[in-house]
Structures are given as C-alpha cells and as structure tokens.
Amino acid sequence: MNTPDILTPELINPLTYQSFKKLVDTLVAENQTTGPEQTEERIAYTKLNQQRMKRVEKQFKIDPELLAALQQPRSEWHWVVLVESWCGDGAQQIPAFAAIAEAVPTIELTIILRDENPAWMDTCLTNGSRAIPKLICLDAETNERLFTWGPRPLAILEQVLRFKEKNQNATKEEIGTLVHTLYAKDRSQSLQQDLLRLVQMAIPAKGEEQVLS
C-alpha cells in the first residue's frame, strides 16, 4: 500500500552511522544522553551502548542468504532508523544495519532521533507506543514504504515474553540482563532472519508495505 502522506515528513537532524557514533562518543565524554530526559539512568545506558555498538561491529557477519536477497534486481532503498543513544536494543541493531548497508550499495542508511522526529515515529508505533529502534524501508525514488521492522527481533522477543510470563515479578534489571544476554548469544542472526523474510516479501510484492514488529 503506497502511503505518501506519511512518508514525506522532513528528516530532522539526519545522521550517518559514523555521525551517530561520533554523537554517542561526544555524549559519553560530556556525561549526557540524547532526548529531553537527561537522567542518570539514561546517561549510564548511553555509556553502555557505546561499548555494545563496538562489540556488535566486531562480531557482525552478514548472512549470505540475506546478502543474496538484497542483491536481487530492485530499486534503490532508503533505510530510515529511529533510535536514541540510551536505547539498548538500538545499540544492538544499529551497527548491523550499518554493516548491511555498507555491503549493499543500493541501500542508503539514515539514522534519526525519535524525540526530534515525532512525525516519523508516529507512523510506526508498536501497540500504540513509541518503541525503538524502528527501521523503515523506503523506495528511494518514490518514497513508497516497503516494510517496517522493530523494535526487537521476533525470536528474542518471544523468549523475553516467555520469561516474563514465567517470572511475573521480574525486575526491569533482570529483564534487561536477559535481553542483552540473548543478544550476545544471538550475534544478530535473529535480526537478519527477520530482515530476510521482509526482503523476500518486499521485492516480489512491490507496492504493498510489510510490517514485522
């Protein structure tokens, strides 16, 4: 479904991956975070995420099947990713998105901050919430939205939901520890499987947006 009315908001302060990393480095050095809530918790998360991104960068290997799918004949794509520096899930995904875009010249990656871009964020809510990260894949020429992904790989999301169901009194810290333990073991494989399914649907079915969230 072509939805141009929600695909053309102005991108406020768009960033490349390198620019986003520099922003995070500056924030850590200045003991700050992105967004209006400059809390100790979010500042601490930003510091953790700086290290998480470096780890993912070193470990990431693109899945050959995903690479082959992205190299199929198609239009050029624009990946717009909504995130904030304090977002732990974002730190686990952004380096993977960047590595994929680097490996596939027909993908342009742009990172924008959620709180600076509500017009974009509100087009891809998760159960009514502004959960991040969110990846929006657009046809670079027409701005047609081809698919949306996020905020968490389905395989990891399912494991977290099962844990919460069995441990209904689990604390936020316990859940966070589980999430990042799962990411460390997974090494971006679940993310890439999600993307593979979306890519395979998007290329033959151009004109119909796919959503995986």
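Of the residues in the stretch 97-131, how many are aliphatic (A, V, I, L, M), open to solvent by 10 Å² or more (accessible area, probe 1.4 Å) and within 13 Å of the chain's Cα centre (by Cα)?
Matching residues across the stretch 97-131 total 6.
Can you name the condition, by its number, that Val81 falls short on among (1) part of a loop (DSSP other than H, G, I, E, B); (2) surrounded by 18 or more Cβ atoms within 10 Å (Cβ to Cβ); (3) in contact with a strand residue (DSSP E or B) (Cβ under 6 Å, 6 or more places away or on another chain)?
(1)
Mind counting the residues in the stretch 35-53 that are within 18 Å of Leu182 (Cβ to Cβ) and either touching a Gly at 6+ places or on another chain (Cβ under 6 Å) or surrounded by 18 or more Cβ atoms within 10 Å (Cβ to Cβ) (or both)? Before you say what the answer is, go through the steps one by one.
First, pick out the residues of the stretch 35-53 that are within 18 Å of Leu182 (Cβ to Cβ): 45, 48-49, 51-53.
Next, from what is left, pick out any that are either touching a Gly at 6+ places or on another chain (Cβ under 6 Å) or surrounded by 18 or more Cβ atoms within 10 Å (Cβ to Cβ) (or both): 45, 49, 52-53.
Adding up the residues that qualify gives 4.
I'm trying to understand the selection: among the residues of the stretch 54-74, which are surrounded by fewer than 16 Cβ atoms within 10 Å (Cβ to Cβ) and assigned to a loop (DSSP other than H, G, I, E, B)?
Lys61, Gln71, Gln72, Pro73 - these are the residues of the stretch 54-74 that are surrounded by fewer than 16 Cβ atoms within 10 Å (Cβ to Cβ) and assigned to a loop (DSSP other than H, G, I, E, B).
For the stretch 15-34, enumerate the residues that are buried (at least 16 other Cβ atoms within 10 Å of the Cβ) and either of a type in the set (A, V, I, L, M) or touching a residue at least 40 places away in the same chain (Cβ under 8 Å) (or both). Let's see the steps before the verdict.
Step one: of the stretch 15-34, the residues buried (at least 16 other Cβ atoms within 10 Å of the Cβ) are 15, 17, 20-21, 23-24, 27-28, 33-34.
Answer for the stretch 15-34, where residues must be buried (at least 16 other Cβ atoms within 10 Å of the Cβ) and either of a type in the set (A, V, I, L, M) or touching a residue at least 40 places away in the same chain (Cβ under 8 Å) (or both): Leu15, Tyr17, Phe20, Leu23, Val24, Leu27, Val28, Thr33, Thr34.
Looking only at the stretch 136-157, filter to residues that are at pLDDT 95 or above and β-branched (Val, Ile, Thr); which one of those is nearest to Pro105 (Cα to Cα)?
Checking each candidate, the answer is Ile136.
Out of (1) modelled with pLDDT of 95 or more; (2) more than 13 Å from Gly90 (Cα to Cα), what's the single condition that is false for Arg52?
Among (1) modelled with pLDDT of 95 or more; (2) more than 13 Å from Gly90 (Cα to Cα), the lone unmet condition for Arg52 is (2).
Could you tell me whether the stretch 177-190 includes any residue that is surrounded by 14 or more Cβ atoms within 10 Å (Cβ to Cβ), on the phi > 0 side of the Ramachandran plot and over 14 Å from the mean Cα position of the chain (by Cα)?
yes
Do the conditions hold for Val160, that is, is it within 16 Å of the chain's Cα centre (by Cα), modelled with pLDDT of 95 or more and either farther than 27 Å from Pro36 by Cα or open to solvent by less than 10 Å² (accessible area, probe 1.4 Å) (or both)?
Details: within 16 Å of the chain's Cα centre (by Cα): no; modelled with pLDDT of 95 or more: yes; either farther than 27 Å from Pro36 by Cα or open to solvent by less than 10 Å² (accessible area, probe 1.4 Å) (or both): yes.
Here the answer is no, as Val160 does not meet what is asked.
Mind listing whichever residues of the stretch 119-170 are in a helix (DSSP H, G or I) and in contact (Cβ under 8 Å) with a residue 12 or more places away in the chain?
Within the stretch 119-170, Ala119, Trp120, Met121, Leu154, Ala155, Ile156, Gln159, Val160, Phe163 qualify.
Please work out if Trp86 is within 17 Å of Val28 (Cβ to Cβ), outside any helix (DSSP H, G or I), open to solvent by less than 40 Å² (accessible area, probe 1.4 Å) and at pLDDT 95 or above. Spell out the reasoning first.
Details: within 17 Å of Val28 (Cβ to Cβ): yes; outside any helix (DSSP H, G or I): yes; open to solvent by less than 40 Å² (accessible area, probe 1.4 Å): yes; at pLDDT 95 or above: yes.
Criteria met by Trp86.
Find the residue count for the stretch 132-156, including only residues that are open to solvent by 10 Å² or more (accessible area, probe 1.4 Å), in contact with a helix residue (DSSP H, G or I) (Cβ under 9 Å, 6 or more places away or on another chain) and not acidic (Asp, Glu). Explain how you work it out, then say what you get.
In the first step, residues of the stretch 132-156 are kept if they are open to solvent by 10 Å² or more (accessible area, probe 1.4 Å); the result is 132, 140-144, 151-152, 154-155.
Going one step further and asking which of them are in contact with a helix residue (DSSP H, G or I) (Cβ under 9 Å, 6 or more places away or on another chain), we end up with 132, 142-144, 151-152, 154-155.
With the extra rule that they be not acidic (Asp, Glu), the set shrinks to 132, 142-143, 151-152, 154-155.
Adding up the residues that qualify gives 7.
The values are calculated or read from the model by the stated rules, or taken from the named source; none is laboratory data. In this text, all values refer to a predicted model and were calculated from it rather than measured experimentally. Quick reminder, even Gly has a Cβ in these numbers, built from the backbone with ideal geometry, and neighbours come from all protein chains shown. Accessible surface areas use protein heavy atoms only, side chains included; no ligands, DNA or RNA. Shrake-Rupley method; radii C 1.70, N 1.55, O 1.52, S 1.80 Å.
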